[in-house]
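One structure below.
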Amino acid sequence: MRADHETDVAVIGAGQAGLSAAFYLRRAGLANESGFVVLDHGKRAGGAWQYRWPSLKLDKVHGIHDLPGLALGDTPADRDKPASEVVSAYFDRYERTFDLPVHRPVDVRSVSRGADGRFLVESVTESWAARWLINATGTWDRPFWPYYPGQETFLGRQLHTADYTGAAEFRGKHVVVVGGGTSAVQQLLEIAPVAAGTTWVTRRPPVFHEHEFTPEYGRSVVAKVDERVREGKPPRSVVSVTGLPLTAEVRAARDAGILDRKPMFERITPHGVQWADGTTQRADVILWATGFRAALDHLAPLRLRTPGGGIRMDGTRAVDEPRLHLVGYGPSASTVGANRAGRTAVRELLDTLG
């Protein structure tokens, strides 16, 4: 099959990691679409940020690191705006400032090896032949829904944090929030003041930390996640390693009993949840704040998955396909890590190009 377009490097995804990689490709002199192209499935700039719930204001976000070469430059007025709005505008400004060749919406369905040895990157309507590939698809497209017995019998509403739009719709209802991450805590704090009641459920006891997030601590966290991906295991979430930040707001909520965590229930009933000892809790809504998995299904034709379920990595490079770099995956799944991964991937790619 002959591709519709040819390019040296295809970048899939225009979130933090993809834009960082595109910046360094542009700076390296790959200045036109025959040099590199960025394929993004979003309808507008913003990566996963454009889908964040509207009530998540910028001042509630834990860490947005500037993209290379252009600062976010938020103002006091911006801090009270939805993060989805501010960050999307920032990403749009970034793409225009550096004239990055971003194509959207392009929903990449598969990446395979063509007969000529190049990658064949295919969407529903177009295809690209690329010598190298930088994958920056993140996780937002793959919300994780765990299964518990009786789940299909629940007569109330179930939704994932990816579908959450604000607390108002839960007014007067009892909401069970499942999950021990930052999103679970943020959404619980929003819902509690308007709900008839809330129940917070996690698989493991939450760990709150007050220590400063120093560079040394950051490196130790990254090292733990990096160890897993080098072994070909699926990466753990960052919060599973770092714990939850104990902010003044979180401390007040904990003192007020809002963050009174309960262990994981055993089953779901038509009207709520039930624990192993027979204790029940009536519920109108179950909110699954259970995280996301890496969106890598389009890479399946390359057959890179290990028996452990992950892709074996060496830095940003896939061990079993060294022309492929994964950024925003595993140890680089943070705004700071994504920037560094984009730079590292391009540096290694340029070394290969000579």
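The values are calculated or read from the model by the stated rules, or taken from the named source; none is laboratory data. None of these values were measured; they are calculated from a predicted model. Cβ coordinates were reconstructed from backbone atoms using ideal geometry, including for glycine residues, and neighbour counts include every protein chain displayed.
Points worth noting:
- Only one entry in ALA21, ALA129, ALA83 is crowded, with 19+ Cβ neighbours inside 10 Å, touching a Phe, Trp or Tyr at 6+ places or on another chain (Cβ under 8 Å) and closer than 30 Å to ARG323 by Cβ, namely ALA129.
- Qualifying residue in segment 331-350 (condition: outside any helix (DSSP H, G or I) and not assigned by TED's automatic domain parsing to the domain that holds PHE170): yes
Conditions (1) modelled with pLDDT of 95 or more; (2) more than 14 Å from SER55 (Cα to Cα); (3) part of a strand (DSSP E or B); (4) not assigned by TED's automatic domain parsing to the domain that holds VAL250, marked per residue:
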position: LEU155; (1), (2), (3), (4): yes, yes, no, no
position: GLN158; (1), (2), (3), (4): yes, yes, yes, no
position: ALA162; (1), (2), (3), (4): no, no, no, no
position: THR165; (1), (2), (3), (4): no, no, no, no
position: GLY172; (1), (2), (3), (4): yes, yes, no, no
position: VAL176; (1), (2), (3), (4): yes, yes, yes, no
position: GLY180; (1), (2), (3), (4): no, yes, no, no
position: SER183; (1), (2), (3), (4): no, no, no, no
position: GLN186; (1), (2), (3), (4): no, no, no, no
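- In segment 259-304, the residues that are more than 30 Å from SER127 (Cβ to Cβ) and of a type in the set (Asp, Glu): ASP260, GLU266, ASP277, ASP284
- Search result, residues across segment 340-354 that are modelled with pLDDT of 75 or more and surrounded by fewer than 24 Cβ atoms within 10 Å (Cβ to Cβ): ARG340, ARG343, THR344, ARG347, GLU348, LEU350, ASP351, THR352
- Any hit, segment 106-125, residues being farther than 30 Å from ARG303 by Cβ, of a type in the set (A, V, I, L, M) and crowded, with 20+ Cβ neighbours inside 10 Å: no
- Residues of segment 41-55 that turn out to be surrounded by fewer than 19 Cβ atoms within 10 Å (Cβ to Cβ) and over 21 Å from VAL106 (Cβ atoms), as a count: 2
- Residue tally, condition surrounded by 20 or more Cβ atoms within 10 Å (Cβ to Cβ) and among the hydrophobic types (A, V, I, L, M, F, W, C), over segment 258-291: 9
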